[in-house]
1. Any idea what the relative contact order of the chain is, in percent, if you count C-alpha pairs under 8 Å spaced at least 6 apart?
2. Report, in deg cm²/dmol and to the nearest 500, the calculated mean residue ellipticity at 222 nm for the chain, where each DSSP H run with n ≥ 4 adds -39500 (n - 2.57) and the sum is divided by the residue count.
3. Quick one: angle between helix 198-207 and the longest Cα principal axis of the chain, in degrees between 0 and 90, rounded to 10, please.
4. Whole angstrom only: what separates the Cα centroid of segment 191-229 from the Cα centroid of segment 265-305?
5. Give the average over all directions of the projected area of the C-alpha convex hull of segment 81-297, one decimal, in nm².
6. Angle check, please: helix 68-77 long axis (alpha carbons) against the longest principal axis of the chain (alpha carbons), in degrees 0 to 90, nearest 10.
7. Lysines within cross-link reach of LYS228: Cα-Cα under 22 Å, excluding same-chain residues under 8 positions apart?
8. Once all Cα-Cα distances of segment 143-210 are split into 5 Å bins that start at 0, what whole-number percent is in each one?
Amino acid sequence: MTSGRRVALSRRRFLGCGPAAALAAAIPFRASAAAPPTGEDYYAKLGVQPIINAAGTYTYLTAAVMPPSVRRAVERAAYHPVRLKDLQKASGEYLARKLRCEAALVSCGASAALTLATAACIAKANGLRPEEIPGGVAGRKNEVVVQKAHRYEYDHAMQLCNVAIKEVVTVDDYRAALSERTVMTNFFNAAEGGEICQEQWLAVAHEHGVPCHLDAAADMPPIENLWKYTGMGFDLVCFSGGKGIRGPQNAGLLLGRKDLIELAAQNDNPNSDAVGRGMKVAKEQIVGMVAAVDWLLEQSNEGMEAEFLRSTAVIQRAVEKIPSVKTRVITPPIANHVPHLIIDIDPKQLGITPLEVAEKLRNGTPSIELNPATGTDGRGLMGTPNSIILSTWMLGDGEERIVASRLRSVLSRARG
Ligand SMILES: *Cc1c(COP(=O)(O)O)cnc(C)c1O
């Protein structure tokens, strides 16, 4: 099937005509939109409360729920053992074809992909074997160059390989920082600052023969980002598998140059004497990652956005008549590039603050999680301390109606 036909099919499925078609459109990525689950309910058995996720693809909320086709693929993979290397190799080749890059590796998340990318670049620069990383890295080529504004918590994933991070601000700094000790650069795609753009970042590094990794973990949608950055010339790019791609939460993608992906795979399990040994992806999750990419490539950006906006509007309509309430819809430019609903309230008039609203929804039944930027300065979502913030993309079928009615009752009943 050509990708053109795929797009046409999915557009028809999503856009159709009229409300019935819009309802059907919800089906492909909603949790409950298939046969009801079978088997023992271990959340109930363990006394762990399921939540309604109006927050987003947060790791602490277990990020996305897998679409039905992915869940079925995961279950089916569980029936038989295979040779792990065979599965790693075949899944990588399949994904590279689908995602238009030279090579691919399923990692156990974007963070692990960054560690494996670092190990691969160290191996490339020094000829070190997996058993020599991180122990043999000190005193060898071991520097990673990043923009100061791109320093983030995932630097830890690189530091696992015993690299030293060199910060730069200007292009002149950057040229000066690249040396025979440099093994790679890292570009944090969703960073809010940094004066060196992607094209210049790549051009200067490549003049020096240094490979560039791009962290695009949370940067799908749009779907085409899965091949945009490797297409621009980034040598390695990572994505989280369990965020917008809706694969297993402990899966991710490392995409890019064949020689580097091969080195990443050597530093990965099942090799026990390797930095990636603890980053195992089980056969079920490798298959789930591939199935999630297959599922995603059947979707369209327009179809997904239409569904997120439809469910956002349900919540918006439920609260907009409440005194002092004003609503707006914001789509962040890069990471989590989906509509977010910002509900601005006057806490004095309503007798409740956004943080108290979040607490009430969390403590209710079913328990609802709002975006953690609620009641803060907005954390890049353009909210204020008086904003309630949520997004609908991680909601299950019909859950927007539950969120809408709970929010309405909490906001309207606070006084009195
Ligand atoms: C979520 C995230 C990661 C980690 O992704 P995992 O798949 O959970 O390992 C890394 N980098 C950025 C920028 C992220 O947003």
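Just so you know, all these numbers are worked out from the coordinates, no wet-lab data involved. The model shown is predicted, which means the values in this text are computed figures rather than measured ones. Here the Cβ is made from the backbone with ideal geometry for all residues, glycine too, and neighbour counts use every protein chain on show.
1. Values: 806 pairs, mean separation 91.0, N = 416.
RCO, the chain: 22 percent.
2. Values: 16 runs with 170 residues, N = 416.
Calculated mean residue ellipticity at 222 nm is -12000 deg cm²/dmol.
3. Taking the Cα atoms of the chain, the angle to 198-207 is about 10 degrees.
4. 21 Å
5. Working: hull surface 41.9 nm².
Seen from a random direction, the Cα hull of segment 81-297 projects 10.5 nm² on average.
6. With both axes taken from Cα atoms, the answer is about 50 degrees.
7. LYS98, LYS243, LYS258
8. Percent of Cα pairs in each bin: 3, 18, 33, 26, 17, 3.
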